[in-house]
Amino acid sequence: MKNTSVFKELKQFLLLWASQAVSALGTAMTNYALVIWAYQQEGSAASVTTLTLCSFMPTILFRFVAGAMADRWDKKHIMLIADAFAACGTAAVLVLYSLGQLRIWQLYTINVLLSFMNAFQEPASFAATSMLVPEKHYARAGGLQGVSGAVISILSPALGSVLLAFGGMRVVLAFDLVSFAVAFAVLLFWIRIPRVPHAEKARDETFLRSCMAGMRYLKEHRAMLAMTLFIAATNFLAKLGNDGMLVPFVLARGGNEQQALGLVQSAVSLGLLAGSLLVTVMKPVRQKVRLIFTAYVLIFALSIPMSLSRSVWVWAVTAFATYLLAAVMNANLTVVIRSGVPIEMHGRVFSARDTLQNCTIPLSLALGGALADRVFEPFMAADSPLQRLLVPIFGTGSGAGIALMFFIVGCLGTILSLWQLRRPLYRELER
């Protein structure tokens, strides 16, 4: 009876979640296929990283404007328009590819436009979920979103490879368009997103002032701002460690073995899936803030045994545990934001928070590769008193420098997280 009640309360959300997950799977498969195509055309890692950058930067740059519009305008309309633009982008790629006219610069341009629309899609979707889900089920909704994300990360490379092998790029792009049509139809005909009771207040402000309302809210709520800045710092560290540098670490330390990389990446996806399922079925945690910072402590601490080991199985186990904790932490972090912010400001606060905590990622991604290739790897390869002291701990050869990076990042992240865990400032978020 209880399960029936939960299903009834989450019916609209479950319908939206399932249809959007199907669309996200199609998009992930297309992205996988296009990365392979871009690498085959250019033969360089730079083409792949540029594609990622084109997909990332416009979303960050336009988040403030998008958040204000998500709170002012109808969320459903924003999501439908964003989905339609995404479908047009995929259709353009399909036409260009079918005509033999697809070029790498065209993909960059299309990715920039899609990223621009994604800047509007995400805050609208965040606010819409808050209105479709009762507050007592916020953690469960976050867990379900984590489950779909983990399943997509597991299935998209496998399904993308199968479709590429048997049908080619056209079949992958066609599947993406069909998945979009399913999600668009469900959202248009079957999802009713309630209107925000006090959204009219946002329209009384000037647009520029409304865009900055999320930042003002964070500034006025010191605990939430401090947590956002802490996450920005940990995002910077994580991209220098086993989040951003996991692939080169495993390939370098594992002798360029693809099987080792596949095992560790599978452990990452399974950890995300297990953590998301755990959040979905478990009772909501009362002390969410304490759980969040404790998870951060353990996540960074797990980088230390990973850096000290040469065993693929140790890497896989620590990766599984790391991403299980990350899934639990992310779901509860979303609950803190949803519960602590007035619903009429969810779009703007989400956008401000997301911009601040992700603005460090491009810098750390660029810095991580440079530090590994030009500083840490050469340092561990050159004879010196300090290098001789570290060799018994981290070994020699390819990947020893990245292992040292992992160790430093793990220590710094653990210390920073322990300090935040002990700060009394965050008690107001628990209340």
Residues SER398, SER384, sorted so that the one with the fewest Cβ neighbours within 10 Å comes first: SER384, SER398
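Pull out the extension gain between ALA181 and LEU61, defined as 0.36 nm times the separation in residues minus the alpha carbon to alpha carbon distance; nm, one decimal. Intermediate results must be reported in sequence, preceding the final value.
Values: separation 120, 0.36 × 120 = 43.20 nm, distance 2.85 nm.
Stretched fully, the ALA181-LEU61 segment lengthens by 40.4 nm.
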With charges set only on the Cβ (+1 for Lys and Arg, -1 for Asp and Glu), what does the dipole of the chain come to about its Cα centre, in debye to the nearest 20? 1280 debye
Given the pairs LYS8/LYS219; LYS8/LYS75; LYS8/LYS76; LYS219/LYS288; LYS76/LYS239; LYS8/LYS239, which span a C-alpha to C-alpha distance of over 31 angstrom in this model? LYS8/LYS219; LYS76/LYS239; LYS8/LYS239
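Given the DSSP H assignment, sum -39500 (n - 2.57) over each helix run of at least 4 residues in the chain and divide by its residue total; what's the result at 222 nm in deg cm²/dmol, nearest 500?
-27000 deg cm²/dmol
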Of all alpha-carbon pairs in segment 1-189, indicate the percentage at a distance above 28 angstrom. 28 percent
Theoretical gain in end-to-end length, GLN259 to ILE81 [0.36 nm per residue, Cα-Cα removed]: 59.9 nm
Based on the mean of other Cβ atoms within 10 Å per residue, sort peptides 28-38, 50-60, 302-312 so the most packed one is first. 28-38, 302-312, 50-60
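Whole number please: convex hull volume per residue, Cα atoms of the chain, in Å³.
Values: hull volume 64.8 nm³, N = 431.
Spelled out: Cα convex hull of the chain, divided by residues, is 150 Å³.
Laboratory data are not the source of any read-out in this text; all were calculated from the coordinates shown. Bear in mind the structure is a predicted one, so any value in this text is a computation, not a measurement. Quick reminder, even Gly has a Cβ in these numbers, built from the backbone with ideal geometry, and neighbours come from all protein chains shown.
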